[in-house]
Amino acid sequence: DAPVYAKRTGAHWAFWSKEKPISDFDGRLAFSPYYRAGDSSFVEFGVHSPDQFGIHAAATHPMCMELQGGKRSDSYPCYGNPATAELMFADIVNFYERGIDAPFRSRRTGKLWCPPTASRIVVSPPDKPVACDCEFCRRLWRPERGNRGSAQLVMTGFVRRLAELTAAKYPDRKLLYLPYMNYLDCPENQT
């Protein structure tokens, strides 16, 4: 019942069972009243954006891609490298000012997936833990924080850099951050 701006929504996985699978539409019809689903919030949020940061993986910006076992990823960003925030911000500027939307297109469907809007920009990494071995990430890694916080400084540092860049150019836009996986815990103090 609270807060006033409620956001209680579901997705297909919330209404599925092996014994009796039902469609997302049928699930919403059946279960939404029970869970009092609704979205009176003005905040629109999505996950895994930008979905196609891997377009930078080739020769242009390989150092901005996650390093694991001596090999660079072709789709997952290195959030510890300061250049990654600058590159992602350049993608945001290109989206707003030039209509270049390639980083914000779904790899599966090719349709826009959680692109920046007139009021918000989403930071939500792909569905996997941060696991980069580069020099930047190693300095920030906190193994003692375990699976809830080992990458907390990597991600909060990245979000801070991206937020500063965004605020300087687009002060009216909000950066929404979705922490989870091994960057769920907040650092106690980060300067």
* To do: Taking Leu140 as the residue in question, decide whether it is open to solvent by 10 Å² or more (accessible area, probe 1.4 Å) and touching a Phe, Trp or Tyr at 6+ places or on another chain (Cβ under 7 Å).
  => no
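Do we find that Ser119 is small (Gly, Ala, Ser), modelled with pLDDT under 90 and within 16 Å of the chain's Cα centre (by Cα) in this structure?
no
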* Which pairs do you get when a residue that is of a type in the set (Ser, Thr, Tyr), found in the stretch 90-118, comes within reach of a residue that is outside any helix (DSSP H, G or I), reach meaning Cβ atoms under 7 angstrom, with the pair 6+ apart or on two chains? -> Tyr96/Pro116; Ser106/Asp51; Ser106/Trp113; Thr117/Glu44
* To do: Give, as residue ranges, the strands (runs of 3 or more DSSP E) completely inside the stretch 35-137 that count at least 1 residues that are open to solvent by 30 Å² or more (accessible area, probe 1.4 Å).
  => 65-68, 71-77
* Just checking, which of Val154, Val130 is among the hydrophobic types (A, V, I, L, M, F, W, C) and over 18 Å from Val47 (Cα atoms)? -> Val154
* Which pairs do you get when a residue that is within 12 Å of Cys186 (Cβ to Cβ), found in the stretch 141-164, comes within reach of a residue that is open to solvent by 40 Å² or more (accessible area, probe 1.4 Å) and in a helix (DSSP H, G or I), reach meaning Cβ atoms under 8 angstrom, with the pair 6+ apart or on two chains? -> Gln152/Arg145; Leu153/Leu140
* Structure fact -> Cβ pairs under 9 Å, 6+ apart or interchain, first in the stretch 74-85 and free of Cβ contacts under 8 Å to residues at least 40 places away in the same chain, second small (Gly, Ala, Ser) and surrounded by 15 or more Cβ atoms within 10 Å (Cβ to Cβ), ordered by first then second residue, are Asp74/Gly54; Asp74/Ala57
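The values are calculated or read from the model by the stated rules, or taken from the named source; none is laboratory data. Since we're looking at a predicted model, the values are computed, not measured. Every residue, glycine among them, receives a Cβ derived from its backbone with ideal geometry; neighbour counts consider all protein chains shown. Accessible surface is based on the protein model in full, side chains and every heavy atom, while ligands, DNA and RNA are left aside. Shrake-Rupley method; radii C 1.70, N 1.55, O 1.52, S 1.80 Å.
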